[in-house]
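J.: First the structure, then my questions, so here it is.
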Amino acid sequence: MTQGVENKNNFSGLSGLGTISIQETKAPEGYLLNSEIYVIKITSTNDGSEFVYTYNQPKIPETLLTLDIVKVLKGKDAPISGVVFLHTDSKGNQEEVTTDEKGQAVLKGLTRGTHTIQEKSVPDGYTKNLGVLKFSVDENNKITLLENTATDKTGTMKFTVREDGTAQLHVEDVLAPYQLIVHKVNDHAKVLEGAEFTLYADKDCKQELQKATSGTDGILRFEDLEVDKKYYLKETKAPDGYQIPVNADGSDIVYEIYTKSDPQKDLFEYYVNGKKYTDATGDFAITGTKADREVNLKVVNPVGMKMPETGSPWTVGILLTGLGLIVAGYVMMIRKGKQEDEEK
């Protein structure tokens, strides 16, 4: 504190003798500096034997040095509750704070030295932000950012020091990814091995993302797909002995895959070609857990589109038909030749 005294040179009973100005010049550790100037008057009284000089000692409020944490969904600023942050100070002491229903938490009374902040856990349905943030508090309780390793992929961490000396950390989380599971069968419910599907980022199926081939169980998987993003899927290689199904006009069959999620409301929706599915069973089932969602798609190859197998009656029939056509053509050529000779 600094003190300034202004003498008035007036010593009459109950008169003002002067003033004292008081101002904080260094705050205690963990508190903000109070810059207000307090002006106090000095008075005196005479009880007949001596003068008594008095003034009222001011009560100066202190404000804690804090870091406010705000947790939101990436791209939407929707608050996320139940996120646990781990705070480590320069002495290795640790504390945990959890965001409330507004997505907010606060660290109070920041001590001097280096501090580290990182997410410890997130509710099911979100991906933990992997960023680590470090900042320092100096002898004057000034906060300075030292390091921020967060990336846009798993959400940014924006650190701001306010004009009053406190700080705010704005942290994003992304929604947990999901899996697309394709079940390949024929219309007699027989699983089909060797079907290749390709996943694309665009409707024209030019930007290839992933390929997968069905195993002996007829199943293939596409992993780490983003919620709120459209994907396009089509069969690019049929199982042995089958043809790739097409639309009535001969164009490729393309499946548009899209999902929506709100873990705070326990909501997950799955769309195929614009139609919503929410059931846990069936050809378009949603399975897995809230933390690890799976969406399913059954794709059927009609037996009628099956290529004939070598040595089957169909194969013999085709061969005989072809042979008959060849013989018929040969006979016609001979007859035509004879007719031309007779005309000559």
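J.: Given the conditions (1) more than 29 Å from the chain's Cα centre (by Cα); (2) within 30 Å of Phe268 (Cα to Cα), which single one is not true for Gln179?
T.: Evaluating Gln179 over (1) more than 29 Å from the chain's Cα centre (by Cα); (2) within 30 Å of Phe268 (Cα to Cα) leaves (1) as the failure.
J.: Further question on the same structure: If you take just the strands (runs of 3 or more DSSP E) that sit entirely in the range 64-170, which of them hold at least 3 residues that are outside the structural domain of Arg293 (by TED's automatic domain parsing) and touching a residue at least 60 places away in the same chain (Cβ under 8 Å)?
T.: 67-73
Let's see how each residue does on (1) under 22 Å from the mean Cα position of the chain (by Cα); (2) part of a loop (DSSP other than H, G, I, E, B):
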site: Phe197; (1), (2): no, no
site: Lys203; (1), (2): no, yes
site: Leu209; (1), (2): yes, no
site: Glu223; (1), (2): yes, no
site: Tyr232; (1), (2): yes, no
site: Glu235; (1), (2): no, no
site: Asp279; (1), (2): no, yes
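J.: Out of the range 230-241, which residues are more than 19 Å from Tyr271 (Cα to Cα) and buried (at least 18 other Cβ atoms within 10 Å of the Cβ)?
T.: Ala238, Pro239
J.: Could you check, for the range 233-253, whether at least one of its residues is under 26 Å from Thr154 (Cα atoms), outside the structural domain of Lys153 (by TED's automatic domain parsing) and in contact with a Lys or Arg (Cβ under 8 Å, 6 or more places away or on another chain)? Spell out the reasoning first.
T.: Initial filter on the range 233-253 (under 26 Å from Thr154 (Cα atoms)): 233.
Next, only the ones that are outside the structural domain of Lys153 (by TED's automatic domain parsing) stay: 233.
Those left that are additionally in contact with a Lys or Arg (Cβ under 8 Å, 6 or more places away or on another chain): none.
Scanning the range 233-253 turns up no residue that is under 26 Å from Thr154 (Cα atoms), outside the structural domain of Lys153 (by TED's automatic domain parsing) and in contact with a Lys or Arg (Cβ under 8 Å, 6 or more places away or on another chain).
J.: Can you find even one residue in the range 246-262 that is of a type in the set (A, V, I, L, M) and within 30 Å of Gly82 (Cβ to Cβ)? Before the answer, list the steps.
T.: Step one: of the range 246-262, the residues of a type in the set (A, V, I, L, M) are 246, 248, 253-254, 257.
With the extra rule that they be within 30 Å of Gly82 (Cβ to Cβ), the set shrinks to 257.
There is at least one residue in the range 246-262 that is of a type in the set (A, V, I, L, M) and within 30 Å of Gly82 (Cβ to Cβ).
J.: In addition: Residue under question is Lys230, and the condition is that it be touching a strand residue (DSSP E or B) at 6+ places or on another chain (Cβ under 6 Å) and either among the polar types (S, T, N, Q) or farther than 25 Å from Leu73 by Cα (or both); does it hold?
T.: no
J.: Sticking with this structure for a sec: Scanning for something within 28 Å of Lys74 (Cβ to Cβ) and among the aromatic types (Phe, Trp, Tyr), does the range 186-197 turn up at least one residue?
T.: Taking every residue of the range 186-197 in turn, none turns out to be within 28 Å of Lys74 (Cβ to Cβ) and among the aromatic types (Phe, Trp, Tyr).
J.: Can you name the condition, by its number, that Tyr271 falls short on among (1) under 20 Å from Cys205 (Cβ atoms); (2) at pLDDT below 95?
T.: It fails just one condition, (2).
J.: If I go through the range 216-229 residue by residue, how many of them are surrounded by 14 or more Cβ atoms within 10 Å (Cβ to Cβ), on the phi < 0 side of the Ramachandran plot and without any contact (Cβ under 8 Å) to a residue 40 or more places away in the chain?
T.: Of the residues in the range 216-229, 2 are surrounded by 14 or more Cβ atoms within 10 Å (Cβ to Cβ), on the phi < 0 side of the Ramachandran plot and without any contact (Cβ under 8 Å) to a residue 40 or more places away in the chain.
The values are calculated or read from the model by the stated rules, or taken from the named source; none is laboratory data. Just so we're clear, the structure is a prediction, and the values are computed from it rather than from any experiment. A quick note on method: Cβ atoms are made from the backbone with ideal geometry, for glycine too, and the neighbour counts reach across all protein chains shown.
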